[in-house]
1. If I filter region 53-62 for residues that are modelled with pLDDT under 95, in a loop (DSSP other than H, G, I, E, B) and open to solvent by 10 Å² or more (accessible area, probe 1.4 Å), do I get at least one hit?
2. Working carefully through the options Phe423, Phe394, find the one that is at pLDDT 95 or above and of a type in the set (Phe, Trp, Tyr).
3. Tell me whether region 36-44 contains one or more residues that are farther than 23 Å from Ile201 by Cα, among the basic types (Lys, Arg), open to solvent by 30 Å² or more (accessible area, probe 1.4 Å) and in a loop (DSSP other than H, G, I, E, B).
4. Does any residue of region 437-454 turn out to be in contact (Cβ under 8 Å) with a residue 40 or more places away in the chain, in contact with a Pro (Cβ under 9 Å, 6 or more places away or on another chain) and either open to solvent by 50 Å² or more (accessible area, probe 1.4 Å) or assigned to a loop (DSSP other than H, G, I, E, B) (or both)?
5. Looking only at region 187-227, filter to residues that are open to solvent by less than 20 Å² (accessible area, probe 1.4 Å), of a type outside the set (A, V, I, L, M) and part of a helix (DSSP H, G or I); which one of those is nearest to Glu258 (Cα to Cα)?
6. Can you find a residue in region 534-546 that is under 22 Å from Gly15 (Cβ atoms) and either within 23 Å of the chain's Cα centre (by Cα) or at pLDDT 95 or above (or both)?
7. Do we find that Asp343 is within 25 Å of Ala453 (Cα to Cα), in contact (Cβ under 8 Å) with a residue 40 or more places away in the chain and part of a strand (DSSP E or B) in this structure?
Amino acid sequence: MERSERNFVIGMDFGSDSVRCLIVDANDGREAASAVKAYPRWAKGLYCNPAENRYRQHPLDYIEAFEAALGEALGQCDEDVRSNIRGISFDTTASTPALTDKNGTPLALLPEYAENPNAMFVLWKDHTAIDEADEINRVARRWPVDYTRYSGGSYSCEWAWAKMLHCLKSDISLLGKAYSWVEHCDWISALLTGDTTPEHIARSRCVAGHKAMWHSEWGGLPPEEFLMEVDPLYSVFGSHLYTETLTADKPAGRLSAEWAARLGLPEGIAVGIGAIDCHMGAVGAGIKEGTLVKVMGTSTCDVAVAAPSRVGEHAVRGICGQVDGSVLPGMIGFEAGQAAFGDIYAWFRRLMEWPLKHLADADSPLCDRILAALTEEAERLPLTTDDIVATDWFNGRRTPDADPRAKGTITGLTLATTAPQIFKALVEATAFGSRAINERLKEEGVAIDEIIAVGGISKKSRFVMQTMCDVIGKPIKVVKSEQACALGAAMYAAVVSGLYPDITAAQEAMCSGFSDEYRPDPERGRIYDRLYARYLDTGGRSGEER
């Protein structure tokens, strides 16, 4: 690419609560404009029931927030930028699938299902499909081919096959129009290219491999006979899905005339294949072999890559999958993570603010100061081997060794235990959970030479980051970019637009660098070794019956 040329690309990051738009100068990765828009229905709590772990999102939320964010970002740019936008790529949460009709329209966009939660996108953290996941695992364990082999040896209730079966079983009226299903990241790309027909949609290797048991070893998705053994309702999908997938360096197509006019973008620019948000975040952070990228927010996602020659046919136990090309084309991508991280701190804040909301002023400004005050006091506490110990499975255990029914615990409480001591133990629990993931990857031969952190918590809490560093025993770098996921998507947009020959070249030109680096304290690390052993003993060693 000629450095004198004006070339801009767009990265769209669809998170759990909002969509972020980043317009980037493809020459050097500098931000030209950005905007964030919340999902309007989701913000009102519609279609969700936290007591049942049901979290659904209306497809109109994605469309409306996407258009609003992109429109605001474009409004910050001059005509020279707008006319020189070359491509757009996406990341989304996953697995976040929805049932579709024969045209590939999510059922919630049909009038008869417009208010039906089972016709909507089922957000990644929805855990209503536990029973369906259990049945998939029971069949997989006795089947001649283990289709969960590259998914850590277990299928999760957070993933597409379990969720789509649960929606069908919950509401048989959907069978009247249900024809196929689509992941959010595949649907948004197909929508912009003008063809959502299930048989035509370009499918993301990243999402298919990590969430739908797709693998080239068995020719794509699990065969119909396996799925029918799980439940005959899977017959509704017939041959309406896919066998081939594409990596994120390939285009899904070109921006249609309709959507170009609607969005104010040049017609025919490249539209990239989407990927999972944390995987794009790892790309935006500059991931390479030997790097572990931790995307730290309400939950965490840990991403690493390795050359196929290093992995061979070995399948890593108890993680969220290993997929050829899911992060970087030509490399095996590994995903692990914790189902609750920042959510645990938010839970404790809600616990602490109960009397303020129910016995005093419900809008008390004290509520906003709780976590800051707890952090300040927790940092002053001494660290000893007799400290209370918590486990981090408040939303089940994702990895290592998935167990959605696992519960969080706090042990060693006495009448003298204080709120800051409990908060400190919760922060340490999230760090212990991260260490367990690291140790499993290392045990299975995945090299971790450096750790990079992205996400809100990595920017907001030095206490959490230093605790994590001391527990893990390795330095942790924090990415400078506030929007690493959107930046990763923008890097891939630059590749699919032909501005760079591959993602490595795009990373070298567009990465933001680092804002902080944390270094471990060896003395505290030795104490944490003892506390970590208690963490493992308290909750049961991963992979063993608890």
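1. In the first step, residues of region 53-62 are kept if they are modelled with pLDDT under 95; the result is 53.
Pick out the ones that are also in a loop (DSSP other than H, G, I, E, B) and you get 53.
Among the residues that remain, those that are also open to solvent by 10 Å² or more (accessible area, probe 1.4 Å) are: 53.
Yes, region 53-62 contains a residue that is modelled with pLDDT under 95, in a loop (DSSP other than H, G, I, E, B) and open to solvent by 10 Å² or more (accessible area, probe 1.4 Å).
2. Values: Phe394 fails: at pLDDT 95 or above.
Answer to the check: Phe423.
3. From region 36-44, those farther than 23 Å from Ile201 by Cα are 36-44; that's our starting set.
Okay, now just the ones that are also among the basic types (Lys, Arg), so 37, 41, 44.
This time we only want the ones that are open to solvent by 30 Å² or more (accessible area, probe 1.4 Å), so: 37, 41, 44.
The next check asks that each one be in a loop (DSSP other than H, G, I, E, B); those that pass are 44.
Among the residues of region 36-44, at least one is farther than 23 Å from Ile201 by Cα, among the basic types (Lys, Arg), open to solvent by 30 Å² or more (accessible area, probe 1.4 Å) and in a loop (DSSP other than H, G, I, E, B), which makes the answer yes.
4. The initial filter retains those residues of region 437-454 that are in contact (Cβ under 8 Å) with a residue 40 or more places away in the chain, namely 437-438, 440-441, 444-454.
Checking which are in contact with a Pro (Cβ under 9 Å, 6 or more places away or on another chain) leaves us with 437, 440-441, 450-451.
Among the residues that remain, those that are also either open to solvent by 50 Å² or more (accessible area, probe 1.4 Å) or assigned to a loop (DSSP other than H, G, I, E, B) (or both) are: none.
Checked against the condition, which is being in contact (Cβ under 8 Å) with a residue 40 or more places away in the chain, in contact with a Pro (Cβ under 9 Å, 6 or more places away or on another chain) and either open to solvent by 50 Å² or more (accessible area, probe 1.4 Å) or assigned to a loop (DSSP other than H, G, I, E, B) (or both), region 437-454 yields no hits at all.
5. Ser189
6. Initial filter on region 534-546 (under 22 Å from Gly15 (Cβ atoms)): none.
No, region 534-546 contains no residue that is under 22 Å from Gly15 (Cβ atoms) and either within 23 Å of the chain's Cα centre (by Cα) or at pLDDT 95 or above (or both).
7. Details: within 25 Å of Ala453 (Cα to Cα): yes; in contact (Cβ under 8 Å) with a residue 40 or more places away in the chain: yes; part of a strand (DSSP E or B): no.
The answer is no for Asp343.
For every residue, the table says whether it meets (1) at pLDDT 95 or above; (2) open to solvent by less than 80 Å² (accessible area, probe 1.4 Å); (3) out of contact with any helix residue (DSSP H, G or I) (no Cβ under 9 Å at 6 or more places or on another chain).
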| site | (1), (2), (3) |
| --- | --- |
| Ser326 | yes, yes, no |
| Gly330 | yes, yes, no |
| Gly337 | no, yes, no |
| Ala340 | no, yes, no |
| Leu359 | no, no, yes |
| Ala362 | no, yes, no |
| Cys367 | no, yes, no |
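The values are calculated or read from the model by the stated rules, or taken from the named source; none is laboratory data. Here the structure is a predicted model, which is why all the values come from computation and not from measurement. Backbone-built Cβ (ideal geometry, glycine too); neighbour counts: all protein chains shown. All accessible areas refer to the heavy atoms of the entire protein, side chains included, with ligands and DNA or RNA removed. Shrake-Rupley method; radii C 1.70, N 1.55, O 1.52, S 1.80 Å.
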